[in-house]
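The values are calculated or read from the model by the stated rules, or taken from the named source; none is laboratory data. Note that this is a predicted model, so its numbers are computed, not measured. Heads up, the Cβs are rebuilt from the backbone with ideal geometry, glycines too, and the neighbour counts pull from every protein chain shown.
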Amino acid sequence: MGFGGISIWQLLIVLAIIVLLFGTKKLRGIGGDLGNAVKGFKKAVSDEDSKTPEQLKDQTVQQQQEVTEKQKDKV
């Protein structure tokens, strides 16, 4: 028994079909893109955590000012 009643042989057959359908180059490309997305997300989270509360406050004030200016331009 494997995952939820799926045996290892069934998983291998599904993997083989996926490789045949997409090819190894495309799967490698998808994996690389996914890896870069995860790295970018982690970097963004760590950059946000490393900011001081004062920097975060300044950023929030600036964003609020931009929204207010956009609303004024619409009117």
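In region 49-65, the qualifying residues are those that are surrounded by 10 or more Cβ atoms within 10 Å (Cβ to Cβ) and of a type in the set (D, E, K, R), and the one that is modelled with the lowest pLDDT is 51.
Of the residues making up region 1-48, those that are assigned to a loop (DSSP other than H, G, I, E, B) and surrounded by fewer than 11 Cβ atoms within 10 Å (Cβ to Cβ) are 1, 2, 4, 5.
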